[in-house]
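Just below is one structure, and these are the notes that go with it.
Please treat every number below as a calculation from the coordinates, not as lab data. Note that the structure is a prediction, hence the values are computed from the model and not measured. Neighbour counts run over all protein chains shown; Cβ positions are idealised from the backbone, glycine included.
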Amino acid sequence: MRVTVLGAGVIGLTVADELIRRGHTVAVVDPHPARGASYAAAGMLSPAAEVWHGEEEILRLGTASLALWPALADRLGVELRTAPTLLVGYDAGDLQQVERQAALVGGLGGRATLLDRAAVRACEPVLARVAGAASLEGEMSVDPRAVCAALLARIPVVSGDPGGADVTVVATGACLPEPWAGLVRGVRGEILRVRSDDPPTHTVRGWVGGEPIYLVPRGNGEVVVGATAEEHQAPPVVTAGGVHRLLTAGRTLWPGLDRAELVESTARDRPATADGRPLIGPSGADGVVLAAGHHRHGVLLAPLTARLVADLLDGAAVDPSVDPRRLITAGKERHVDHAQR
Ligand SMILES: Cc1cc2nc3c(=O)[nH]c(=O)nc-3n(C[C@H](O)[C@H](O)[C@H](O)COP(=O)(O)OP(=O)(O)OC[C@H]3O[C@@H](n4cnc5c(N)ncnc54)[C@H](O)[C@@H]3O)c2cc1C
């Protein structure tokens, strides 16, 4: 088929790569390739660390996608960091949160090992004295900018739609065109990038006095400190309050942050849907497929999304849990209901 992919973020690029591998002729269109949410993403491939009650489907999808990452990273020649995620509680209240999360993960079939203060110290000595932690085996991280750069080196991107496609895949993140624009909203996330001589060696996700914070080390001494989350209507900008919150919680958990070089602060919109699940499949319009709305998990879910879109074009059934029509139909019903009242 001749396929146009709108959007060259991590989703559009992995979809395009998979379609090309399966023999389709693909044009990718994006005036600003890889500068959307994928540019800010920390790159945690963490289906369990963030799962919460009612999000079991995301855990299932995330676990399936995580299993596809080693082959993708290998093919693209990007580093995959495989040290377990440490879920850290700074004080006794924060530790309760860690224990609740570990119990939830265990109940859903995952592996979470509780660590006392001394075990955390032995495992990650650069952290402050914390109340305790849980180690989540099997989780990973990747540098999304390296992933997008490797994909952009293989796939040319043009700034205008060449037309003539049999199928258009809309992968424009938080900015869907009409009539789908209302299906995705932006949730601003701010992160800092720092460079340190003494970085943590694990992805550390934690709570400090109830404030969520994460530290994601790369191989070169760089550490991503994130992230804020704010529902808003305006363009995503870095705010003084956001930086303050990240630095306050970050340096409490990792005192070495004080000596690290501040390299960058970035804000982008996460593409969120009403039920927290992505939109992967038919759009309701002939020849248009959606691959968007991946919220906090777009990097994690990229290889699974690519596979699902390519399978769909090859004639497979759509996965009902991510079928966009669940929200398109619900939206129309709400509209009719409102008009009748
Ligand atoms: C601070 C932060 C931290 C995050 N951390 C993680 C993490 O650790 N792990 C994880 O899995 N996920 C994480 N995410 C979520 C992840 O970044 C997103 O889910 C993912 O990047 C979405 O990818 P995308 O390709 O759909 O969107 P984007 O990366 O936003 O790409 C969309 C592209 O579409 C283009 N575009 C827009 N309109 C058009 C148009 N009309 N025509 C053509 N092109 C268009 C844009 O220029 C852009 O390049 C994080 C997000 C944020 C903001």
> Translational D (Stokes-Einstein, µm²/s) of the range 47-96 at 4 °C and 1.567 mPa s when Rh comes from the Kirkwood sum over C-alpha pairs?
Replying inline: 99 µm²/s
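Give, rounded to the nearest 20 debye, the magnitude of the charge dipole that the range 43-125 has about its Cα centre when Lys and Arg contribute +1 at Cβ and Asp and Glu contribute -1 at Cβ. Working shown, then result.
Values: 7 positive and 11 negative charges, 48 e Å.
In total the dipole reaches around 220 debye.
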> Quick one: length gained pulling GLU178 to ASP198 fully straight, 0.36 nm per residue minus the C-alpha distance?
Replying inline: 2.4 nm
>> Cut-off 16 Å, label point 7 angstrom out along Cα-to-Cβ of ASP314: give me the residues of the range 269-305 whose amide nitrogen falls inside.
In response: 303-305
>> Explain nothing, just compute: Karplus ³J(HN,Hα) = 6.51 cos²θ - 1.76 cosθ + 1.60, θ = phi - 60°, for every residue of the range 195-212 in order, whole Hz, x for Gly and Pro.
In response: 10, 9, 7, 9, x, x, 9, 10, 5, 10, 10, x, 10, 10, x, x, 8, x
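When you have a sec, figure out the Kirkwood radius of the range 97-153 from all distinct Cα pair distances and drop it here in Å to one decimal? Let's see the in-between values first.
Details: mean 1/r = 0.0740 Å⁻¹.
Averaging 1/r across every pair of different Cα atoms and inverting gives 13.5 Å.
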>> I need the Kirkwood Rh of the range 48-141: take the reciprocal of the average 1/r across all distinct C-alpha pairs and report it in angstrom.
In response: 14.2 Å
>> What translational diffusion coefficient, to the nearest whole µm²/s, does the range 161-256 have by Stokes-Einstein, given a Kirkwood radius computed over alpha-carbon pairs, a temperature of 4 °C and 1.567 mPa s viscosity?
In response: 81 µm²/s
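When N counts the residues of the range 1-66, how does its alpha-carbon radius of gyration compare numerically with 2.2 N^0.38 Å, as a ratio?
Numbers: Rg = 14.7 Å, N = 66, 2.2 N^0.38 = 10.8 Å.
The value comes to 1.36.
Roughly how many debye, to the nearest 20, is the charge dipole of the range 192-294 about its Cα centre, given +1 on each Lys and Arg Cβ, -1 on each Asp and Glu Cβ, and no other charges? Write down the numbers at each step before the final one.
Numbers: 10 positive and 12 negative charges, 31 e Å.
Using Cβ point charges on Lys, Arg, Asp and Glu, the range 192-294 gives about 140 debye.
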>> Angle check, please: helix 298-313 long axis (alpha carbons) against the longest principal axis of the chain (alpha carbons), in degrees 0 to 90, nearest 10.
In response: 20 degrees
> Counting Lys +1, Arg +1, Asp -1, Glu -1, what net charge surrounds ARG205 among other residues with beta carbon under 13 Å of its beta carbon?
Replying inline: -4
> Could you give me the ³J(HN,Hα) list for the range 140-151, computed from phi with Karplus coefficients 6.51, -1.76, 1.60 and θ = phi - 60°, whole Hz, x at Gly and Pro?
Replying inline: 9, 8, 8, 8, x, 5, 5, 5, 5, 4, 5, 6
>> As a test, work out the antiparallel percent of DSSP beta bridges whose residues both lie in the chain, rounded to the nearest 5.
In response: 70 percent
> Okay, helix-only estimate at 222 nm for the chain: each DSSP H run of n ≥ 4 adds -39500 (n - 2.57), divide by all residues, round to 500 deg cm²/dmol; what do you get?
Replying inline: -10500 deg cm²/dmol
> Simple spin-label model, 7 Å along Cα-to-Cβ: ASN220 to ALA92 in nm?
Replying inline: 4.5 nm
> Given just the C-alpha atoms of the range 266-324, how large is their convex hull per residue in cubic angstrom?
Replying inline: 93 Å³
> Can you give me the Cα centroid spacing of the range 220-295 and the range 119-196 in angstrom?
Replying inline: 8 Å
>> I'd like to know which of GLY62, VAL157, THR203 lies farthest towards the positive end of the charge dipole of the chain, counting +1 on Cβ of Lys and Arg and -1 on Cβ of Asp and Glu.
In response: VAL157
> If you project the alpha carbons of the chain onto the principal axes, what extent comes out on each, in Å, largest first?
Replying inline: 61, 52, 39
